[in-house]
Structures are given as C-alpha cells and as structure tokens.
Amino acid sequence: MENIYRPKVLEIIDIIEETPDIKTFRLGADISYRPGQFGLYSVFSEGEATFCIASSPTKKGYIECTVKRIGRVTDALHNLDLGDKIGFRGPYGNSFPIELFKGKNLLFIGGGIGLAPLRSLLLYCLDKREDFSEITLLYGARSVSDLVYKKEINEWKEKINVFLTVDPGGETPDWKEKIGFVPKVLEELSPKREDTFVITCGPPIMIKFVCSSLEKLGFSDHKIITTLEMKMKCGIGKCGRCNIGKTYLCKDGPVFSLKEIKNMPDEF
Ligand SMILES: Cc1cc2nc3c(=O)[nH]c(=O)nc-3n(C[C@H](O)[C@H](O)[C@H](O)COP(=O)(O)OP(=O)(O)OC[C@H]3O[C@@H](n4cnc5c(N)ncnc54)[C@H](O)[C@@H]3O)c2cc1C
Ligand code: FES
C-alpha cells in the first residue's frame with residue numbers, strides 16, 4: 001500500500017536571497033498544482049514545515065517556495081545549497097477560484113512574505129493576461145530591505161498597476177514609492193469596487209485592517225479572498241491540528257472568502 005506520508009525527493013536548482021531572512025528556493029519537479037495550494041517540505045533529519053507553492057503552474061519543470069527563517073526547519077532550509085535535496089508532500093488544499101476571476105478586475109494586496117501565495121496567482125494571471133481585466137498590486141513591508149521579489153516587481157509594472165509602500169521609518173533616502181501602512185494606502189488609493197475581486201495575504205493584523213478598509217470602501221465579503229495560515233502537521237485532514245470548528249484549513253482551505261471566514265467560529 002502507498003505510504004501517503006512518503007515525500008517526493010526534489011533537488012534545489014536555484015536559490016534567490018530575497019531579504020536578509022527570506023529566500024526563494026526553486027526545486028526541480030514535474031508536479032501539477034493550482035495557485036493557492038501548499039506543500040509539506042522536509043529537511044531530512046530536521047523535520048517538515050508548510051509553505052505555499054509560490055510559482056505558477058504555467059511554468060513547467062519546477063516549483064518554488066519562499067521561506068522566512070524563523071525556527072528549526074526554516075533555519076535548516078536556509079543552510080542548504082544548490083544541488084541539495086529536500087522532501088515534498090503535496091500539493092494539498094483548495095486553490096484560488098480562478099474561474100470566478102475571469103474577465104474581472106483583480107486587486108492583490110500583500111504584506112511582507114504574504115506576497116508568496118499571491119505570487120503564484122499573479123504570475124498565472126500575467127501569463128494569461130487576456131483572461132482578466134485590470135490587475136493592480138498593492139504591496140507593503142516594514143522596510144525597503146524587507147520587500148520580496150524586488151526585481152520581478154519591476155518587470156510586473158509593465159503589465160499591471162503596482163503600488164509599493166513601506167512602514168513609516170522603513171524608507172531609504174532614495175525611496176520614491178509610498179510611505180504608510182497598507183490599509184491607509186489602500187484607503188487613499190480608493191480602488192474601484194465594481195467587477196473587482198480582492199486577493200489578500202499578509203500578517204493577521206494587516207489582513208484584519210485591510211478587510212475593514214475594504215468594507216469602508218464598499219467591497220462585499222464574498223469578493224474578498226484570503227489564504228489562512230495555521231500550524232499544520234499532516235496536511236491532509238487526518239491529525240486534527242488545523243481545524244476551526246468543522247472546517248479543516250488543510251483540506252477545505254487554505255483559501256477562503258471573508259464571507260466564509262465570518263461564518264466560522266471565532267477560534268483564531
Ligand atoms: C498553509 C500555510 C502556508 C504557509 N506558507 C508559508 C510560506 O510560503 N513561507 C513561509 O516562510 N512560511 C509559510 N508558512 C508558515 C510556516 O509553515 C512556518 O513558518 C514554519 O512551519 C516554521 O517552521 P520552523 O520549524 O522553522 O519553526 P518552529 O521551530 O516550529 O517555530 C518557530 C516559531 O514560529 C512559530 N510558528 C511556527 N509555525 C507557525 C505558523 N504556521 N504560524 C505562526 N507561527 C508559527 C512557532 O510557534 C515558534 O514560535 C505557511 C503556513 C501555512 C499553514
Ligand atoms: S494538518 Fe492535520 S488535519 Fe489539517
């Protein structure tokens with residue numbers, strides 16, 4: 001019988017240093033997945049951790065994950081080199097409702113490393129640009145050095161509207177973009193809500209204030225989509241680590257609309 005916990009072994013074929021504590025790993029793999037899904041990545045003899053798949057399924061032959069160094073597994077991962085091998089279980093979870101997004105305006109709102117799950121969908125949309133109407137990205141981080149995907153974002157500017165911001169005090173002398181917390185910048189931009197879906201991910205406090213700003217701007221809950229992070233172990237609905245009431249984040253999520261989240265018990 002197949003062991004559902006046995007990981008595939010993947011080779012690290014590229015590493016990008018995004019910030020002092022965040023790296024993107026490209027892993028050689030032929031895996032089918034949808035934007036929004038995640039995997040359980042293992043560093044042998046250290047353990048497993050959950051990361052979203054940050055690349056787009058339109059690009060074949062590899063998957064990417066962007067990892068912030070915060071503890072045992074992420075430390076070990078950051079110490080690996082090109083050619084080293086890691087384990088991967090997945091892809092798991094639901095995904096962004098791309099069919100609903102077709103022909104609509106999309107507003108991506110990201111904070112810090114929360115841009116990683118949005119990047120999978122954003123790259124997908126850039127490769128299928130004609131399927132979507134206006135695309136806007138509002139992305140913020142604590143400081144200029146905490147912004148991820150800097151080089152790519154400059155390329156995205158040719159195809160979509162991009163607004164970058166850093167927290168007050170996080171700017172450098174040559175910073176020409178916005179200064180201020182993401183929800184405040186969002187309210188200043190006052191984006192159009194007609195035919196627009198919002199896709200947001202970032203620290204929980206940012207998501208909370210972004211959602212209340214969106215409500216003020218008149219966006220309805222079913223058009224605000226986010227992806228939740230909770231500690232996970234099995235990733236496949238067996239261990240009971242990640243449930244909120246009857247909803248298992250690993251199996252039923254991690255992607256939910258604000259309307260769905262408001263119907264969950266207030267446990268997180
Ligand atoms: C669906 C999903 C997608 C994720 N995607 C990404 C991603 O793309 N990139 C990324 O860097 N991280 C992501 N995470 C978070 C990531 O799983 C944790 O940072 C990682 O498991 C930490 O492992 P560690 O062994 O290094 O830390 P540990 O040594 O286990 O913990 C170090 C510290 O971090 C805290 N911690 C550990 N896991 C979490 C968590 N999930 N949420 C909040 N605090 C935590 C611990 O309580 C402890 O204080 C995701 C989590 C989920 C559930
Ligand atoms: S992580 Fe085990 S049930 Fe969700």
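The values are calculated or read from the model by the stated rules, or taken from the named source; none is laboratory data. These numbers come from a predicted model, not from an experiment. Because the Cβ atoms are built from the backbone with ideal geometry, glycine has one as well, and the counts that use them run over all protein chains shown. Quick note on the areas: whole protein, heavy atoms, side chains included, nothing else; ligands and nucleic acids left out. Shrake-Rupley method; radii C 1.70, N 1.55, O 1.52, S 1.80 Å.
Using only Cα atoms, find the angle between the long axis of helix 204-216 and the longest principal axis of the chain, and express it within 0 to 90 degrees, rounded to the nearest 10.
30
Using the C-alpha atoms of the chain, what convex hull volume per residue, in cubic angstrom, is computed?
That works out to 136 Å³ per residue.
Mind checking the full-extension length gain between residue 184 and residue 246? Use 0.36 nm per residue of separation minus the Cα-Cα distance, one decimal, nm.
So the extension gain works out to 18.9 nm.
Quick check: at a probe of 1.4 Å, how many percent of the accessible area of the range 87-228 sits on carbon and sulfur atoms?
That fraction is 54 percent.
Which of 73, 42, 57 sits farthest toward the positive end of the charge dipole of the range 36-113, with +1 on the Cβ of Lys and Arg and -1 on the Cβ of Asp and Glu?
Comparing the listed Cα positions along the dipole, 57 ranks first.
Relative to the first principal axis of the alpha-carbon coordinates of the chain, what is the inclination of helix 115-127, with its axis defined by its Cα atoms, in degrees from 0 to 90 and to the nearest 10?
Helix 115-127 sits at roughly 80 degrees to that axis.
Stretched out fully, how many nm does the piece from residue 193 to residue 72 gain, at 0.36 nm a residue minus the Cα gap?
Going from the current span to full extension adds 39.3 nm.
What number, rounded to the nearest 500 deg cm²/dmol, is the helix-based mean residue ellipticity at 222 nm of the chain, given -39500 (n - 2.57) per DSSP H run of at least four residues and division by all its residues?
About -6000 deg cm²/dmol.
Give me the one-decimal nm value for the distance between modelled label points at residue 129 and residue 59, 7 Å along each residue's Cα-to-Cβ direction.
The answer from the label model is 1.7 nm.
Calculated FRET efficiency, residue 216 and residue 159, Cβ-Cβ r, R0 25 Å, to nearest 0.05?
Calculated transfer efficiency: 0.30.
Which FRET efficiency, nearest 0.05, do residue 205 and residue 2 yield, Cβ-Cβ r, R0 51 Å?
0.80
In the range 78-118, whose amide N lies under 17 Å from the spot 7 Å out along Cα-to-Cβ of residue 11? List them in ranges.
Under 17 Å, as judged by backbone N against the label point of residue 11, lie 80-88 of the range 78-118.
Which value in Å does the Kirkwood hydrodynamic radius of the range 176-268 take, with 1/r averaged over all unlike C-alpha pairs and then inverted?
Taking the inverse mean of 1/r over all distinct Cα pairs, the range 176-268 comes out at 14.5 Å.
Over the chain, give the accessible area per residue in Å² for a 1.4 Å probe, as an integer.
Value returned for the chain: 49 Å² of accessible area per residue.
Please give the charge dipole size of the range 1-61, origin at the Cα centre, charges +1 on K and R Cβ atoms and -1 on D and E Cβ atoms. Round to the nearest 20 debye.
Dipole size: approximately 320 debye.
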